[in-house]
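Worksheet for the structure shown next.
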Amino acid sequence: MLSHPEGCEDGSSPGARLRRSAGQVGSRGNDRIPLCFHRRRPFVSFTPAVDIYGRIFLWMFAALLIAFSCLIAIASSRRRTFELDDERIRCTGRPRANFDVAWKDVTRIEILRYRRGAPLAYVLRGPNGAILATFSPGELGAAAGESLALAVEKNAHNVGLPIVRPY
């Protein structure tokens, strides 16, 4: 047992014991490092020095991050549904991606790709070039997306809207 938390067995400091041992090297054959050189506490602590309020903040931040991740996972797993008729196009199913646009409010439809290899996106433009709605039929799957794209283009042709293609 150590009597001093940072000291040696005889109560002296580790440096004094090492100096004493270094002076005796060769005289009595004491070539080993004394046991008191090894400390019980680590020299550098890798845990952050945070008070109780900092720990509470970190735990609250972690809980908020987990809750927000679960909310995003649930919200993004909802299926989008599109409804087209002669008067309007509707999309429901996801927050901030829902729209309900009348065909009479649309001035043109743009079909574009955001980057090479990305699926086609449809942009419904209103007066003054304002974006009324954006959707990608490819997120519904190959067959359903193709039928949605054909239905949108057919309704746009019936109403007389210009369709701007990327090619």
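The numbers here are math on the coordinates, done by the rules we state, and not lab data. Quick caveat: nothing in here was measured; it's all calculated off a predicted structure. Here the Cβ positions follow ideal geometry from the backbone for every residue, glycine too, while neighbour counts run over all protein chains shown.
What are the residues in the range 130-165 that are of a type outside the set (S, T, N, Q) and not in a helix (DSSP H, G or I), if any? Lay out the reasoning, then the answer.
First, pick out the residues of the range 130-165 that are of a type outside the set (S, T, N, Q): 130-133, 135, 137-146, 148-154, 156-157, 159-165.
Residues satisfying the conditions are ALA130, ILE131, LEU132, ALA133, PHE135, GLY141, GLY160, LEU161, PRO162, ILE163, VAL164, ARG165.
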Inset, instruction - From (1) in contact with a strand residue (DSSP E or B) (Cβ under 8 Å, 6 or more places away or on another chain); (2) over 22 Å from VAL152 (Cβ atoms); (3) β-branched (Val, Ile, Thr), pick out the condition that doesn't hold for ILE111. - result: (2)
Legend entry - Pairs with Cβ under 7 Å, 6+ apart, first in the range 99-121 and under 10 Å from ARG165 (Cα atoms) and touching a residue at least 12 places away in the same chain (Cβ under 8 Å), second among the basic types (Lys, Arg) and loosely packed, with under 11 Cβ neighbours inside 10 Å: ILE111/ARG165
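Taking the criterion of being closer than 15 Å to THR81 by Cβ and more than 27 Å from the chain's Cα centre (by Cα), would at least one residue in the range 152-160 satisfy it? Quick ask: steps written out before the conclusion?
Taking the range 152-160 first, the residues closer than 15 Å to THR81 by Cβ are 152.
If we keep only those that are more than 27 Å from the chain's Cα centre (by Cα) as well, we get 152.
The answer is yes, given that some residue of the range 152-160 is closer than 15 Å to THR81 by Cβ and more than 27 Å from the chain's Cα centre (by Cα).
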